[in-house]
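What follows is a short report on a single structure.
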Amino acid sequence: MKIGIVGAGAVGSACLLSLVMRGVAREIVVVDKNQARAKGVAADVRYGAVLSPAVEVRDGDYNDLAGAELVMITAGVNEKGGGATNRSDPAGRLRLLETNAGIFQEIVPQILRATPETMILVVTDPPDPLADLVRLLGHPRVLSTGTLLDTLRFRFHLARRLRLNPASVEAMVLGEHGTSEVFLWSSARIGGRPVLQLMVDAGEDPEVLQHEIENEVRYANITIIEGIGASQYGIGMVSARIAEMVLHDERAVVPIGAYNSKYGVTLSLPSVLGRDGVTQVLEPEMSEQERQALDRSVEALRTATSRIDLAPPMGKIA
């Protein structure tokens, strides 16, 4: 199985390392506008890959993506470079859309010329409207990393407050991978018991904890960027896991970004994910407050997508 990664920056490198460590593919091709960087990243990982399941890691150009079953796009301006690190800015990652949409209009046609049947996984922020752009460019086989990472962050922070293993927490974040994301507190469970009730039993104020945890999750990327300059390792691991679900046709149920005709945009809902992408959406029960929050998230995504300019950009960027 063959995977391509377009973009050899911090996130692309983290995706590559995670793919190799998980043994997801037998061949991985790294493409970047800076060919020397792609060559260096591929070489660095290739030496350590001797310790991992057999895989060929190499740099290349778009033509080398031919036959790839999945291509990750990680290229573009990140939050730090694009000025999207202000916690009080409600636009959040959506502030990067105009710049990264221009970059995608150069990248996507070149991917499709090389491997027209591939599944594209959008990792670049903001991933949901950028996935819609890929679809508008004529390629329906596209996913966004969506809120899977947000969901893991939500589970982690819940578990930490209750001093439990995050793997034991059942909780989801839906909607936009961004500031309008929706936390499903009403269905969050540990051992079959409501998380909010467990908070009360632990002597905590649920309202205060909800606010604190939502802020920790919603702005986790900014906290990470303030420390290391880029949010990369978590999304790298999540992207590799998504690739694994697709290539192995797992039919796993995860919150992931896919176009939803009911809402008219790409957003995250619990979905059955396999080789053909999302084959079924399992829209969960929600409280009225959560339903209204999801509607607001959908509207934020619709507004963002409506601003995408499909005019051909100048220059070549990869």
For this session: Would you calculate, for the chain, the mean residue ellipticity at 222 nm contributed by helices, counting each DSSP H stretch of 4 or more residues as -39,500 (n - 2.57) and dividing by all residues, to the nearest 500?
Result: -13500 deg cm²/dmol
For this session: Using only Cα atoms, find the angle between the long axis of helix 148-162 and the longest principal axis of the chain, and express it within 0 to 90 degrees, rounded to the nearest 10.
Result: 40
Problem set entry | Ranked list, fewest to most other Cβ atoms within 10 Å of each Cβ, for PHE183, PHE154 | PHE183, PHE154
For this session: Compute from the Cα atoms of the range 134-226 the Rg and the Dmax, the latter being the longest Cα-Cα distance, and quote both in angstrom.
Result: 15.1, 54
For this session: Quote the charge dipole size of the range 55-142 about the Cα centre in Debye, to the nearest 20; the model charges only the Cβ of Lys and Arg (+1) and of Asp and Glu (-1).
Result: 260
Seminar exercise, completed: Here the net charge surrounding LEU97, from other residues whose Cβ is less than 11 Å away from its Cβ (Lys, Arg +1; Asp, Glu -1), is -2
Exercise. Which order results if GLU176, GLU204 are arranged by neighbouring Cβ count within 10 Å, fewest first?
Worked result: GLU204, GLU176
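Can you give me the relative contact order of the chain as a percent, contacts being Cα pairs under 8 Å and 6 or more apart?
20
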Seminar exercise, completed: With LEU162 itself left out, Lys, Arg at +1 and Asp, Glu at -1 over residues whose Cβ is under 10 Å from its Cβ give +1
Seminar exercise, completed: With 0.36 nm assigned to each residue of separation and the Cα-Cα distance removed, GLU98 to ARG58 gains 11.3 nm
Problem set entry | Computed over the range 148-305: relative contact order in percent, which uses C-alpha pairs under 8 Å that are six or more apart | 23
Exercise. Which value, to two decimals, describes the C-alpha radius of gyration of the range 2-146 once divided by 2.2 N^0.38 Å?
Worked result: 1.03
Seminar exercise, completed: Stokes-Einstein D for the range 148-305 (25 °C, 0.890 mPa s, Kirkwood Rh from Cα pairs), in µm²/s, comes to 149
Seminar exercise, completed: Computed over the chain: longest principal axis from alpha-carbon atoms vs helix 288-306 long axis, angle to nearest 10 degrees, is 30
For this session: Compute the acute angle (0 to 90°) between the alpha-carbon long axis of helix 233-247 and the principal axis of greatest extent of the alpha-carbon atoms of the chain; round to the nearest 10°.
Result: 70
Seminar exercise, completed: Rounded to one decimal in nm, the spacing of the 7 Å Cα→Cβ label points at SER261 and ASN215 is 4.3
Exercise. What Kirkwood hydrodynamic radius do you get for the chain when you take the inverse of the mean 1/r over all pairs of distinct Cα atoms, in Å?
Worked result: 19.8
For this session: Measure off 7 Å from each Cα along the Cα-to-Cβ vector at VAL50 and GLN35, then give the distance between these two points in nanometres to one decimal.
Result: 2.8
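Over the range 2-146, what is the relative contact order in percent, taking alpha-carbon pairs closer than 8 angstrom and at least six residues apart?
Contact order relative to length: 23 percent.
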Exercise. Looking at the chain, what % of its DSSP beta bridges pair antiparallel, to the nearest 5?
Worked result: 50
Seminar exercise, completed: Amide H contacts under 5 Å for ASP59, restricted to residues at least 5 apart in sequence or on another chain and with H modeled in the peptide plane, are VAL30
For this session: Pick out, from ALA101, GLY146, SER52, the residue whose Cα sits farthest towards the positive end of the charge dipole of the range 2-146, with +1 on the Cβ of Lys and Arg and -1 on the Cβ of Asp and Glu.
Result: SER52
Exercise. So, counting K/R as plus one and D/E as minus one, what does the shell of residues with Cβ under 12 Å around MET245 add up to?
Worked result: 0
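Quick note: the coordinates plus some simple rules give every number you see, no bench work behind them. The structure displayed is predicted, hence computed values, not measured ones. Backbone-built Cβ (ideal geometry, glycine too); neighbour counts: all protein chains shown.
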